[in-house]
1. Which one of A:Asp282, A:Asp288, A:Asp311 is in contact (Cβ under 8 Å) with a residue 60 or more places away in the chain and surrounded by 23 or more Cβ atoms within 10 Å (Cβ to Cβ)?
2. Taking the residues in region B:106-118 that are aliphatic (A, V, I, L, M) and more than 7 Å from chain A (Cβ to nearest Cβ) as candidates, determine which candidate is farthest from B:His226 (Cα to Cα).
3. In the list A:Leu321, A:Leu284, A:Leu309, A:Leu299, which residue meets the criterion of being out of contact with any Leu (no Cβ under 8 Å at 6 or more places or on another chain) and within 14 Å of another protein chain (Cβ to nearest Cβ)?
4. Could you say which residue among B:Thr201, B:Thr264, B:Thr249 is over 21 Å from B:Thr113 (Cβ atoms), without any contact (Cβ under 8 Å) to a residue 12 or more places away in the chain and either surrounded by fewer than 24 Cβ atoms within 10 Å (Cβ to Cβ) or of a type in the set (Val, Ile, Thr) (or both)?
5. Kindly indicate whether any position in region B:186-197 is out of contact with any strand residue (DSSP E or B) (no Cβ under 9 Å at 6 or more places or on another chain) and either of a type in the set (S, T, N, Q) or more than 12 Å from chain A (Cβ to nearest Cβ) (or both).
6. Looking at B:Ser98, B:Ser90 in this structure, which one is among the hydroxyl-bearing types (Ser, Thr, Tyr) and either assigned to a loop (DSSP other than H, G, I, E, B) or more than 9 Å from every other protein chain (Cβ to nearest Cβ) (or both)?
7. B:Val202 passes all but one of (1) over 15 Å from the mean Cα position of the chain (by Cα); (2) away from chain A (no Cβ under 14 Å); (3) outside any helix (DSSP H, G or I); which number fails?
8. I'm trying to understand the selection: among the residues of region A:34-52, which are surrounded by 11 or more Cβ atoms within 10 Å (Cβ to Cβ) and part of a helix (DSSP H, G or I)?
Amino acid sequence: MKINNAFFAFILKRLLNSVILLVIVMSLVFFANRQIGDPARMVLGNGASEEAVLNLRTQMGLEDPMSQQYGRFLYGLATGDLGKTFRFGLSDSVRAGNDANALSTLPIAMDRLPATLILAGATIIFSVLVALPLGLYAAARPRSPPDRAIGVLSLAGVSIVEYWFALVLVLVFAVQFAWFPTSGYGTVAHVVLPALALSLRPIGRITQIARSSLLDEMAKPYITAAKGRGIPMRRVAAVHALKNAAIPIVTTIGDETINVVTGVIIIETIFGWPGIGALTVDALSIRDIPLVEATVFLLVLMVLTINLLVDVAYAFLNPRLRIG
Amino acid sequence: MAVVDVKADMQSDQPVLDVRDLKVTFQTPRGHVHAVNGVSFHVEKGEALGILGESGSGKSVSVGAIMGLLESPPARIEGQVNYRDTELISAPASVTRSIHGDRIAMIYQDAITSLNPSLTIGNQIGELFKVHRPNMGRREIQAKSIELLEAVGIQPARERVNSYPHEFSGGMNQRIMIALGIALSPEILIADEPTTALDVTVQAQIMRLLGDLRGQIDMALILITHDIGLVAENTDRLMVMYGGGPVETGPTDAIIERPAHPYTIGLLNSIPHDDMKGKKLIAISGSPPKLNEMPKGCVFAPRCAMAKDMCRKEIPVMTRIAPDHSSACHFAQEVVDG
């Protein structure tokens, strides 16, 4: 495997693209957040006087000219300071901290990051471990009964809505059988149901893509040529076909990881999982604009990081990408 | 020198490859497709046999059967393919695997798609040695791979061995295919339209390279093509195929000088010559038969200018018109006599 300057130029370009994308997405979030209602009124309640609301809006910086707010936002983005939360006593971490720093939204959001990473990581690892063998097994015997069964199951996987499936899982395995806790965080048992709920779709999709891309590769002329050279079938499939089939499979794993990262918003809420997703919903429901910006910032950062990792994986898998 | 000649004579008693009454049928939802209907031919040690035919004539399916490349089902293969004392159709995969790629090798029409895009050419050549010569060490394999690339004119071989197929031109990729084909010094190299995808000047280089290499390792060549000019220049014997079977076999020179089948005449007439300036090129009218709706009688009859009632009723058999020259035409003798 040779890694040359072109490879680093490629990664650098992708990195730059990511930064530009981050700024664009965060700007959209900034402007959208200013259309979803008045956070000052949310804090003070409906009975508050106009004067009190105006006062708080000024404190929150919402009365400044839009250009000034946006400039401050961009500067904050560059320096890693996304502002202070609008609501005090929002979460344990805020209540615990006495210093003013505890009110900064980015650290609050960062506190929730490990929980989300654990859930997303468990989901994807589990999905890949299940889906890859299923897909490759099906591809080895196309149109056979096991292949058809796997096809139906994977189609079901991509078709079933995950929050419905999450509720079914809770009803069956938490309420009925009481094998797992209904919600919460802290032990391995807590991860099982949310990860299962989230993994349904990735398992279905990765299985489908693994099967079809391996079958596609097995039909190509270079496979025929390898067979004609007396290379054993097992080696033809495992060395020749899989190396090329890996490119669409890795793409799909990347896509599905992104879906999981965005999917946590609902699943974390259902399972009371203290991650970024649940925090985003909390922050949105009380119009805590800086906190929403911080959580979305971390979500976008995760998505971009996944994309970058997929790009790096491409470069390793596809030699044609490494040149020029 | 005399001793060498005697030895060569003794070996040529038995052909290296002897194909007998090969039939390939594909089972499709729309019925059985008879792709190859009883093809017999043999290849002597070191000789060059041309198999000439249009697409759909069964030439590529025939070699697919020889190389064990047809999926069965849907393909049903009957007949015999004898490589020396081994019958390849009935032999288990473990036996044919040790012959394919080693004793009988094949190069393909489209080199770039026939090479794995994700493996370096060194990996792909090295794999052949790993699989067929498990006792060879890594260093030896590396050295042999570089030597092979040099032999087919890839320069500088020491660096290029780590390149990927997309880093080469079409002609260079065909050279790499040839390196893969000759890596284990096979007795037979099957070349399926090896130059069709290439520029004319590159075609000539590739055929010259094949000729040189054959001289060096005493390798028989089966050249499959639709290009009558290519077989004329590069083969000793020729089998003309049409509609899944042979229509004429014989020494290449004899067939070109005195064709004994109307189809061969049609092919020869469709090549432009210098003395035809200003005249219209004569093409064979009509198109080849569909393999699932073969005509009764002679397969070529619907397109044959000389066809008579008999041709539409009775299937012609191969008849000898000279000791080594046969034609599957009811009127072969008349055709030769003009």
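None of the figures in this text is laboratory data; all of them are computed from the coordinates on show. None of these values were measured; they are calculated from a predicted model. Neighbour counts run over all protein chains shown; Cβ positions are idealised from the backbone, glycine included.
1. Details: A:Asp282 fails: surrounded by 23 or more Cβ atoms within 10 Å (Cβ to Cβ); A:Asp311 fails: surrounded by 23 or more Cβ atoms within 10 Å (Cβ to Cβ).
From the options A:Asp282, A:Asp288, A:Asp311, the qualifying one is A:Asp288.
2. Filtering region B:106-118 down to residues aliphatic (A, V, I, L, M) leaves B:106-107, B:111-112, B:115.
The next check asks that each one be more than 7 Å from chain A (Cβ to nearest Cβ); those that pass are B:107, B:111-112.
Values: B:Ile107: 16, B:Ala111: 18, B:Ile112: 21 Å.
Per the stated criteria, the residue is B:Ile112.
3. Numbers: A:Leu284 fails: within 14 Å of another protein chain (Cβ to nearest Cβ); A:Leu309 fails: within 14 Å of another protein chain (Cβ to nearest Cβ); A:Leu299 fails: within 14 Å of another protein chain (Cβ to nearest Cβ).
Of A:Leu321, A:Leu284, A:Leu309, A:Leu299, the one residue that is out of contact with any Leu (no Cβ under 8 Å at 6 or more places or on another chain) and within 14 Å of another protein chain (Cβ to nearest Cβ) is A:Leu321.
4. Values: B:Thr264 fails: without any contact (Cβ under 8 Å) to a residue 12 or more places away in the chain; B:Thr249 fails: without any contact (Cβ under 8 Å) to a residue 12 or more places away in the chain.
Of the residues listed, the single one that is over 21 Å from B:Thr113 (Cβ atoms), without any contact (Cβ under 8 Å) to a residue 12 or more places away in the chain and either surrounded by fewer than 24 Cβ atoms within 10 Å (Cβ to Cβ) or of a type in the set (Val, Ile, Thr) (or both) is B:Thr201.
5. Here is the first cut: in region B:186-197, the residues out of contact with any strand residue (DSSP E or B) (no Cβ under 9 Å at 6 or more places or on another chain) are B:197.
Next cut, either of a type in the set (S, T, N, Q) or more than 12 Å from chain A (Cβ to nearest Cβ) (or both) only: none.
No; the residues of region B:186-197 include none that is out of contact with any strand residue (DSSP E or B) (no Cβ under 9 Å at 6 or more places or on another chain) and either of a type in the set (S, T, N, Q) or more than 12 Å from chain A (Cβ to nearest Cβ) (or both).
6. Working: B:Ser98 fails: either assigned to a loop (DSSP other than H, G, I, E, B) or more than 9 Å from every other protein chain (Cβ to nearest Cβ) (or both).
Of B:Ser98, B:Ser90, the one residue that is among the hydroxyl-bearing types (Ser, Thr, Tyr) and either assigned to a loop (DSSP other than H, G, I, E, B) or more than 9 Å from every other protein chain (Cβ to nearest Cβ) (or both) is B:Ser90.
7. Every listed condition holds for B:Val202 apart from (3).
8. Answer for region A:34-52, where residues must be surrounded by 11 or more Cβ atoms within 10 Å (Cβ to Cβ) and part of a helix (DSSP H, G or I): A:Pro39, A:Ala40, A:Arg41, A:Met42, A:Val43, A:Leu44, A:Ala52.
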